[in-house]
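Beneath this line is the structure, given in structure tokens, with notes to follow.
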Amino acid sequence: MARVWICIAALVAVAGSAHAEPRCAQPYAPVIKASTSATAQEMATLREDVKSFMAASDIYQQCVLSRGGANDIRISANQAQKVRVGQQFNEFVRAYRKANPS
């Protein structure tokens with residue numbers, strides 16, 4: 001469900017109104033605080049949330065770039081957030097697999 005809202009926010013940011021210049025809406029990063037006893041469905045949902053965030057972040061960064069923000073601090077901050085989320089998710093997956101070898 002969270003990925004749907006992330007995608008909607010990204011689409012709204014890109015689409016905008018024909019009469020007004022659309023804004024670039026920064027996506028919210030998913031919270032990664034699942035436990036190693038998470039179910040397979042919880043893992044799949046978290047993975048989809050992370051993927052949706054990454055895709056929405058790419059749209060956001062492209063939006064900022066299209067408005068002349070090649071050196072915009074928003075892009076750097078969002079990219080750092082993408083790296084952090086990716087690292088947290090990968091660390092969680094490694095811990096989950098170690099605790100659940102099957």
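FYI, it's all coordinate maths here, none of it is from the lab. Everything quoted here is computed from the prediction, not taken from an experiment. Cβ sites come from the backbone with ideal geometry, for glycine too, and all protein chains shown count toward neighbours.
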How far apart, in nm, are the 7 Å Cα→Cβ label points at Gln87 and Arg74? 2.5 nm
Distance in nm between pseudo-label sites at Gln62 and Tyr28 (7 Å out along the Cβ direction from Cα): 2.4 nm
